[in-house]
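Shown next, in structure tokens, is the structure this report addresses.
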Amino acid sequence: MVPREIHSTNLLTLLLLLVGIFGACQVVDVCTTLYAINLGGQELNPMMAGIVEHPAIFWGVKIAVIGIFAFVGRSIFQHMDRPRVVRMGLVGLSLAVGVAGIPVFSNLIILVDAGMMSNHILVVVLVITFAYMYLAVIRGIRENNRYNQFTGGLVE
């Protein structure tokens, strides 16, 4: 078992980073979707089409999704003493962050192609997103290396 004090700060930082990126993706998705709809666009996701017509409900759904994501992150943190659970949880959260970025990039590309948004904004968003993802990956690799050094590479 890995003592909590060794990895709690690193794991908490990584989880907060993932929750922050996921939350930012959800907020940007809502903002860009509502912006495009106000300019005459339409929601391409049939599951969200009815919800998007009601901005308050749309925001509520997205905030609930962020809350669920944060709850999962908290659950992972509470199971720090189980390395497999932590690793599987971090992989799952990382995949969810990647999936959450898809509608954001899709919305931004559609807005740029329609001339409703500058290419410069898209470039800035891409650079910031990849910088955050790079930091999350590097932090995850460092955390894994520290864990392996401490345990000699043993798993649970």
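Key figures
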{"quantity": "Test result for Val99, loosely packed, with under 15 Cβ neighbours inside 10 Å and of a type in the set (Val, Ile, Thr)", "calculated": "yes"}
{"quantity": "Complete set of residues in segment 100-133 that are of a type in the set (Gly, Ala, Ser) and within 14 Å of the chain's Cα centre (by Cα)", "calculated": "Ala100, Gly101, Ala131"}
{"quantity": "Test: Leu90 is within 16 Å of Leu17 (Cα to Cα), at pLDDT 80 or above, surrounded by 17 or more Cβ atoms within 10 Å (Cβ to Cβ) and within 19 Å of the chain's Cα centre (by Cα)", "calculated": "yes"}
{"quantity": "Test: residue in segment 34-53 that is in contact (Cβ under 8 Å) with a residue 60 or more places away in the chain and buried (at least 19 other Cβ atoms within 10 Å of the Cβ)", "calculated": "yes"}
{"quantity": "Selection from segment 5-52 of residues that are charged (D, E, K, R) and within 19 Å of Ala64 (Cβ to Cβ)", "calculated": "Asp29, Glu43"}
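The values are calculated or read from the model by the stated rules, or taken from the named source; none is laboratory data. Please read these numbers as outputs of a predicted model, since none were measured by experiment. Cβ coordinates were reconstructed from backbone atoms using ideal geometry, including for glycine residues, and neighbour counts include every protein chain displayed.
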